[in-house]
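Derivation of every value follows stated rules applied to the coordinates shown; laboratory data play no part. Values in this document were obtained by computation on a predicted structure and should not be read as measured data. Cβ atoms come from the backbone with ideal geometry, glycine included; neighbour counts cover every protein chain shown.
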Amino acid sequence: MSMLFSSSGFYNLVHSLSNLGTQLAMSNMRLSTGHRINSGADDPAGIIAVANFDNEIAQLEAATRNGERINSIIDTADGAMSQIQSLLGTIQSKALSASGSTVTAEEKAAYQAEIDAAVDSIDRLVNTTTFNGTRLLDGGLSYTTSGVDNAKLADIRVHSADTSAGDITLAVSVVSAAEKAEISYDDGVLLDDVTFTLTGENGSEEFSFASGTSIETIAAAVNAASDTTGVEAEVDTDLFFRSVEYGEDKSVSINVTSGTFAMVDGTSDDGVDATVTVNGQATIADGLNVSYSASNVSVSFTLKESFGSVGGGSESFTVTGGGTNWALTPASSYAIDYGMGSLGSSSLGTDELGYLASLKSGGVNALSSGNYHQAANIASKASLQVATERARIGAIKSYSVETTLSSLATTKTALQGARSSIMDIDYAEETAINSRLQVLTQATTSLLAMFNQNTSTMLSILMR
């Protein structure tokens, strides 16, 4: 009898068939689940690596959900602010339209009604723009401060602050004062008829005065048109013409078209921005309005006139907390510190210029006051403030959240690829293995059948 049909050959075939059956069963399971590892015994080290990858991927997915949530908050706030900007544009337009010399009292009343409605709509948006029950525009996201001297500083807005290490104290020093644009006349009562055009930030106005007119009369006439020109007059021995506001972008000029009206130091002048430091560092100043940014804080504020127009003064205040801290993951070492002050009508505008609420009926800058350009300037300033907030949250979305989400997606793809290389099968390769195992199983089964048949034949011969 050949070795094939020996007892040892039989047992080898049985053992091979058993091994092939085990391998085929494992291959079938892999093809069914798509996984190379279906139990810890398949690859002990691999199962640990896969578990670590799963944990990292779960963290990335949580971070992605947090980032998408932050984006939703930003989109909600930005949508409301876009509407507020549109309303502010309407207010500015109506205020300027009311300044026309041919506008009737009835038309001004209609313009005022529109302004009132627009301001009310702004406050309604501020009070109703929420995300998951949290108001976004009413100052609920603002930082808290202490030690503010309201006689020296106003309109403090903390845009971002990292108070995780404690309160942040800001020492404000006015190195040099802000100045208004200023020109002056010192010849006293007019000696002949004079006509001149006075030009300021808001526009120009022509004035004509007869010989013998006092400088007090000239000042009164100029002040009556101050809203149109942006220039005010004051008599202090001489006659001074000054820009209403401070800063190098404010100007005043005079053009004498007839008569003699001698100016002391030229016929035009520009204002000067204050020079201010915070904690010894330079700031950006626009007249009395100051912006300061450092690694752990970003703020803006307005110097009160009595403080900012006198150099050498100093004042401190402290950021104590508040704001919002947007972390993409709870354990993240990087978080977005952000704060937004109220965008209500009592907050939009500045202490120097005035606030949006003053444009409503009965307010000091309502149309009945005749301060049409002042009202328009307040609406313009408010619009700039809202646009600035939109730019800030837009930058957060574009340069912090979106870039982080993109990075998270790239990292997740890489981790999933690494996990798949350990955990998942190559279907083409596994299918080929499965086919080979099936052929070997069938062949081994055939050999066993042949062995059984030959054994039966031999036994029948021996039994004869």
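Based on alpha-carbon centroids, what's the gap between the stretch 81-140 and the stretch 389-428 in Å, whole number please?
About 42 Å separates the Cα centre of the stretch 81-140 from the one of the stretch 389-428.
Is the shape of the stretch 94-166 rounded, prolate or oblate, going by the alpha carbon gyration tensor and its root eigenvalues a ≥ b ≥ c, with a/c under 1.5 for rounded and a/b larger than b/c for prolate?
oblate
Given V272, I74, G203, which one lies farthest toward the positive end of the charge dipole of the chain, if we put +1 on the Cβ of every Lys and Arg and -1 on the Cβ of every Asp and Glu?
In the chain, that residue is I74.
For the stretch 180-270, build the charge dipole from Cβ charges (+1 Lys, Arg; -1 Asp, Glu) around the Cα centre, then report which of I218, A233, S184 sits farthest towards its positive end.
Of the candidates, I218 comes out farthest on the positive side.
Tilt of helix 372-395 relative to the longest C-alpha principal axis of the chain, in degrees (0 to 90, nearest 10)?
20
For T195 and S268 in the same chain, what is the full-extension length gain: residue separation times 0.36 nm, less their Cα-Cα distance, in nm?
24.6 nm
Assuming a ≥ b ≥ c are the square roots of the Cα gyration tensor eigenvalues, decide whether the stretch 87-223 counts as rounded (a/c under 1.5), prolate (otherwise, with a/b larger than b/c) or oblate.
oblate
I'd like the orientation of helix 427-462 relative to the chain: the angle between its Cα long axis and the longest Cα principal axis, in ° from 0 to 90, rounded to 10.
That helix lies at roughly 10 degrees to the long axis.
So, with +1 on the Cβ of K and R and -1 on the Cβ of D and E, and no other charges, what is the size of the charge dipole of the chain about its Cα centre, to the nearest 20 debye?
4080
Between D42 and F131, what length comes free when the chain is fully extended (0.36 nm per residue of separation minus the Cα-Cα distance, one decimal in nm)?
Values: separation 89, 0.36 × 89 = 32.04 nm, distance 4.85 nm.
Between D42 and F131, full extension yields an extra 27.2 nm.
Can you give the local net charge around S226? Use residues other than it whose beta-carbon is closer than 14 angstrom to its beta-carbon, Lys and Arg +1, Asp and Glu -1.
On the way: positive: K180, R242, K250; negative: E201, E205, D227, E232, E234, E245.
That works out to -3.
Run the simple label-point estimate for T388 and Q438 please: 7 Å along Cα→C-beta, distance reported in nm.
Computed distance between label sites T388 and Q438 equals 7.4 nm.
Using just the helices of the chain, give the 222 nm mean residue ellipticity in deg cm²/dmol: DSSP H runs with n ≥ 4 each add -39,500 (n - 2.57), and the total is spread over all residues, rounded to 500.
On the way: 9 runs with 205 residues, N = 464.
Only helices count here, giving -15500 deg cm²/dmol.
Using 1/(1 + (r/R0)^6) with R0 = 56 angstrom and r between the beta carbons of D186 and S82, what's the FRET efficiency to the nearest 0.05?
Efficiency at R0 = 56 Å is approximately 0.60.
Any of K250/K304; K360/K381; K94/K304 with alpha carbons more than 20 Å apart? Name them for me.
Correct reply: K94/K304.
Just grab the label-to-label distance for S16 and T403, each label 7 Å out from Cα along the Cβ direction, in nm (one decimal).
Each label point is offset 7 Å from its Cα along the Cβ direction, giving 6.4 nm.
Please name which of I122, V401, A95 has its Cα lying farthest along the dipole of the chain towards the positive end, using unit charges on Cβ (Lys, Arg +1; Asp, Glu -1) and the Cα centre as origin.
Going by the Cα projections, it comes out as V401.
So what's the angle, to the nearest 10 degrees on a 0 to 90 scale, between helix 215-224 and the longest Cα principal axis of the chain?
30
Does the chain classify as rounded, prolate or oblate by the C-alpha gyration tensor (a ≥ b ≥ c root eigenvalues; a/c under 1.5 gives rounded; else a/b over b/c gives prolate, otherwise oblate)?
prolate
Tell me, what is the FRET efficiency for E206 and T318 to the nearest 0.05, using R0 = 41 angstrom and their Cβ-Cβ distance as r?
The formula returns an efficiency of 0.20 here.
Can you pull the one-decimal nm distance between simple spin-label points at N150 and S346, each 7 Å off the Cα toward Cβ?
Each label point lies 7 Å from its Cα, and together they span 1.1 nm.
First measure r as the distance between the Cβ atoms of S295 and M450, then evaluate 1/(1 + (r/R0)^6) with R0 = 60 Å and state the FRET efficiency to the nearest 0.05.
On the way: r = 84 Å, r/R0 = 1.40.
Efficiency computed from Cβ-Cβ geometry: 0.10.
May I ask you to order 210-220, 299-309 by the average number of other C-beta atoms within 10 Å around their residues, highest value first?
Descending packing order for the listed peptides: 299-309, 210-220.
Starting from the Cα-Cα distance between N255 and S32, subtract it from 0.36 nm times their residue separation and give me the gain in nm to one decimal.
The N255-S32 span can extend by a further 71.0 nm.
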